[in-house]
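Notes to accompany the following structure.
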Amino acid sequence: MPEGRRRWWHHLTTQRPWLVTLYALVLGFVVGALVIITTTASVLDAWRAIFSSWSALGHAIKLTFDVVGAAYRTMFTGAVVNPRVFWHAVTTGQGWTYALTPMSETLTYAAPLIIASVGVGIAFQTGIFNIGANGQAILGGVAGAYAGSLIHLPTFLHLPLTLLAGILGGVAVGLIPGLLKAYTGAHEVIVTLMLNYVVAALLIFTLLSTALQQPGQQNDISRTIDPSAQLAPLFGAASGLRVNWGLAVAALVVVFAWWFLERSSLGFDFRVTGANPQAARASGINARAVIILVFVISGGLAGLAGIVQMAGTTHYLDGGFLIGNAGIGFTAITVALLGRNRPGGIVWSSLLFAGLGVGGRAMQAATGIPLDLATVIQSAVVLFVATPVLVQEIFRLRHTEAGEVRLATSGWGS
Amino acid sequence: MTRVSRLRVRGIGAFNVLLGLATALGFGLASGWKARSSLTFNPVDLSASAPWHVGTLTLATAPADLVLGLVMVALGVELWIRVPTRGVMARFGGVAVVFFLALLLWAVRTTGPAPINFVNVTAVLVGASALTMVLIFGSLSGVLCERAGVVNIAIEGQFIGGAFVGSMVASTTHDFFFAAIAGGAVGGLLGLILAFLSLRYLSDQIIVGVVLVTMLSGLSSYLNLQVLTPFPQYNTGNLAPNLPIPLLTKIPVLGPVLFDQTGFFYLMILLVAVVSFGLFQTRWGLRVRAVGEHPQAAATVGIRVVGVRYANVILGGVVAGFGGVAFMASQGQFQPGYTSGLGYIALAALIFGRWRPSGAVVASIIFGLSLYLSYNLQTFQVPVSTEVLGMVPYLITIAVVSGLIGRVRPPAADGVPYRRD
C-alpha cells in the first residue's frame, strides 16, 4: 500500500471534531433517504414486486436510487447551482439571473439565520439554552415594522432606526427569561418556550388590531415599510436577485461575535460562566449580571435577525411570519449546535441549513416530496453531532483524545 | 420531604390575596348591580342526566363575585398567617377553581330581563377534562423520567408520535385498544432513543429532547403530506367512545366529568394511582428515587443505575405516548402542530407539582381549565380578543414556573449524566 494513501486513510479514520461533523452530515442524509424510501408509494410498490421476477429486483433498486437521487439532486440545484443552466449562462452570456437565483436565495435566507444562530450560540457558550430566539425574532420584526412604516425619515437615519427597533424588540422579549432566571431561578427553557407562543399570538394581535395593519385590510397583514427602511438588493434592483445588504449586517455580526467571545473581557466572563459556573462565581464574576446580559445580547441578535428577514425580503409582515418551516429561531438552535457555537462554524452551518431549506422547496416543487424532509435531515444531523461517540462507533474512528463530557445546558436545579 | 419553605408559602398567600382582590374589584364591583349570571348543570349527553331535576342557578353577578373574591382573599390570608407546611398545593388549587368560577360568572353576566347567556358548568368541566387528562399523562411521564434523574423534554414529541400513529391505527382497526398500544410503543421507542443517547453516550439530555421534538414535528408534517393526504383512509378521525359507569354517571356534574369518560381517562386515573403508590410505597420506588437523588450512593448498594434509568425513561415514553393517543382520540383526526406546546405545559405542571404525581394532577387540572377557557371564552362573548386570551395559559405557565415556585428543588441528579467509574 503506498505511503500517501495510507496517510489519507488514517486522516479519515481518526476522530477529530470536523470529521465527526462531516460524518454526522452523511448520516443525516442517509436518514433522509430512508425516510423517502419508506414513505414513497412507488418505491414501496416496486419492492413489493421483487419476488415476481429478477428484473423486478433491478427495477426496484434502480427506482430507489432514481427517487432518492432526484430528491437530493433537485435540492442541490435549487440551493446552489444548476450546472446546465450555469453553463448556458457562461457560453451565451444570457440568463445570469436565472443561473444565480438559487445561490442568491440561499444567501438571502442565510443572512438572518447567521445572525440568530450567533445569538443562540453565545447563549450556549454561557451555559444558557435560549429556545426563545423565534419569539424574539418575531417581536424584532414587529418593532422594526412599526419603525419602518409609521415613521418617515431619510435612509441614512431610517434604516439604522428600523434595525435598532428590531434589536430592541428582541431585547424586550429576551429580558423576560433573563430577569426571571436571574432573580427567581425560573428555568429559561420553559420560559422561552412559552414566550414563543405568547409572541406568536401577539403578532396576530398587532396585525389585526393595531395601527400596524395595512389600511383597508381585514386580514392579518401589515403596512409595507418605507423604501428608506428596506435593505436594498446587493446587486441593485435591476439584477433580479433578492440577496440584500442583510448579508453585510450578518458579516458585521459575525465579526462582532468573534471579537466579543475571543477578545473582550465580558466575553471571557461569559465563557468561564458556561464552562464552570462554580469557578466563575469564585473568581468574582457576577452571575446575575451575566445571565441578564446574555439574554440582552442573544435576544437583541434574534430581534435583528427578524428585522433583517423582513426588511430584506418581504418588506411587510403577515400572520405566517417565521411560523412553521420559516421559524428561523428554531433552525438557529440546530445551526448553533452544528457550528459548535463558534461564529466561524455557525457561518458554514447556516449556509448548509439555509441551502437545505431553499433546496427543500425546490425539491417539493419538482418531485412532490414534502419540504419538511429538510427539517428531518437537520434534526438528524444535530442528533448525531450531539452524540459524537455514536458517530465514532459507527465509522470506527480511532480515538485521539479521551472524549470529554461537556454539557451545553444545565438541569432544572441551577 | 413535603416541607415547603415559609417564604414560598407566604408568596403563594400573597398571590392568592392579590388575585382575590382583583376578582372582587374587577369581576365583582365592575360588573354593576343589575347583572345576573346563570349556571346550568345538565350534561350535554342527556342520557347521563340525574334522575331528579337539576335546575338553573341564577345569581346576582356582583355580590357573587365579590364573595368569591373575598373567599380567595381569606384563603390567602390564612396561608400568610398560619404558614402551614402541608396542603399548600390543595389550597392553591381551591383558589384557582374559585377564580375560574368567578371568571365564568363574570363572562356570562347579562343585564337584560331574561338570561340569554348561561354557562353549562358540566360542559365546561367535561371539555377541560380532556386537556387535563393529556397534561396528566405528560406530567406523569415527566415524573417517571425525572425521578430517575433524566430530563425528558421530548414529551411534546412523544405526544406528536403517539397522536400520529394512534390516528393511523385507530383509522384502520377502528379499535382504540390497538391505537393505545401502538401509540405507547412509539412513545416508548422515542424514550429508548432519548435513554440510549443520554445514558450510553452521555449526550446533553435537554438538547437531545428538544431535537427529538423538532424531528417529530418535521417528520409528522412530512408524513401528513406524503402519506395521510394521498391516503385519507389512514386518518379518518375517530373519537374514542365513552364508557359510562352505570349509576355513578347519574351524579350531577361529577358523574359526567369523572364517570362518563373514554377508556383513556380511566387508564390515566389508574396510572396516577399506580405511579404514586409505586414511587413512594414500594422498593422499586425507593430505588428509582435513590437513582435520581444520588446515583453513586445507589450504585454502592447494588442498584443498577443505568438499568433503572433506561426502564423509567422508556416507561415514561410509553405513558406520554398514551397521552398523544388520548389527545388524538379527544380531537379526532391528526393534524400537524395541533399539540401546540401541550408537552411543554405538562413539563411545567410537573415542576409546579414538585415532581410528585399528586402535585402534577392538581397543576394539570389548573392548566387544563385555563387552557380550555382560553380556547372557549370567546363563545361567551368576552370583550377580549382571541389572541390575547390565547396567551393566558402560557403566561400563567411562566408566572407559575418563576414567581410561585421560585427555586424548587428537583431530584438532585436530574439531568446529570451518570458514568460508572
Packing-based exposure ordering (other Cβ within 10 Å, fewest first) of A:Asp372, B:Asp175, B:Asp414: B:Asp175, B:Asp414, A:Asp372
Length-normalised contact order of region B:124-361 in % [C-alpha pairs under 8 Å, at least 6 apart]: 43
Relative counts (whole %) of C-alpha pair distances in region B:279-421, using bins that are 5 Å wide: 2, 8, 14, 17, 16, 15, 11, 7, 5, 3, 1, 1, 0
Bins of 10 Å from zero: percent of alpha-carbon pairs in chain A: 5, 19, 27, 25, 15, 6, 2, 0
Debye intensity ratio in log₁₀ form over the Cα atoms of region A:44-96, taken at each q of 0.13, 0.31 Å⁻¹: -0.51, -1.04
Chain B: relative contact order as a whole-number percent, Cα under 8 Å and 6+ apart: 25
Local electrostatic count at A:Ala289 - Lys and Arg +1, Asp and Glu -1, tallied over other residues with Cβ under 14 Å: +2
Chain B: DSSP helices with Cα axial extent of at least 30 Å and average Kyte-Doolittle hydropathy no lower than 0.0: B:61-82, B:121-147, B:305-331
Measure of compaction for region B:6-117 (Cα Rg per 2.2 N^0.38 Å): 1.26
Reciprocal of mean inverse Cα separation for chain B (Kirkwood radius, Å): 22.6
Local electrostatic count at B:Ala62 - Lys and Arg +1, Asp and Glu -1, tallied over other residues with Cβ under 15 Å: +2
Likely footprinting exposure, B:Tyr375, A:Tyr197, fewest C-beta neighbours within 10 Å first: B:Tyr375, A:Tyr197
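Neighbour counts of other C-beta atoms within 10 Å: give me A:Thr21, A:Thr184, B:Thr56 arranged from fewest to most.
B:Thr56, A:Thr184, A:Thr21
Quick one: Kirkwood hydrodynamic radius for region B:149-207, alpha-carbon pairs, angstrom, one decimal? Each step should come with its number before you reach the end.
On the way: mean 1/r = 0.0830 Å⁻¹.
About 12.0 Å, per the Kirkwood formula over Cα pairs.
Ratio to report: Rg/Rh of region B:96-174, with Cα atoms as the point set and Rh obtained by the Kirkwood method; give two decimals. Intermediate values should be presented prior to the final figure.
On the way: Rg = 19.3 Å, Rh = 16.2 Å.
We get a ratio of 1.19 for region B:96-174.
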Whole-percent pair-distance distribution, where bins are 5 Å wide, for the alpha carbons of region B:124-361: 1, 8, 14, 18, 18, 16, 11, 7, 4, 2, 0, 0
Contact order relative to length of chain A, as percent, for alpha carbon pairs under 8 angstrom and 6 or more apart: 30
Selection from A:Ile115, B:Gly127, B:Val208, by position along the positive dipole direction of the protein assembly as shown (Cβ): B:Val208
Positive-end extreme of charge dipole, region B:6-117 - chosen from B:Ala96, B:Ala14, B:Gly55 (charges on Cβ): B:Ala14
Helix-only mean residue ellipticity at 222 nm for chain B, each DSSP H run of n ≥ 4 adding -39500 (n - 2.57), per residue, nearest 500: -20500 deg cm²/dmol
More than 39 angstrom apart: percent of Cα pairs within the protein assembly as shown: 42
Inter-chain Cβ neighbour average for residues B:222-231, partner chain, 10 Å: 5
Long-range Cα-Cα pairs in region B:225-357 (distance over 19 Å), rounded percent: 66
Over region B:297-368: Kirkwood hydrodynamic radius from C-alpha pairwise inverse distances, Å: 14.3
Three semi-axes of the equivalent ellipsoid, region A:259-395, Cα gyration tensor, whole Å, largest first: 32, 22, 11
Equivalent-ellipsoid semi-axes of region A:109-350, from the Cα gyration tensor, Å, largest first: 30, 20, 15
At 1.567 mPa s and 4 °C, Stokes diffusion of region A:1-150 via Kirkwood alpha-carbon radius, µm² per second: 63
For region A:213-284, radius of gyration divided by Kirkwood radius, i.e. Rg to Rh on alpha-carbons: 1.30
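Since every read-out is calculated from the coordinates, none of them should be taken as a lab result. What you see is a predicted model; the values in this text were computed from it and never measured. Quick reminder, even Gly has a Cβ in these numbers, built from the backbone with ideal geometry, and neighbours come from all protein chains shown.
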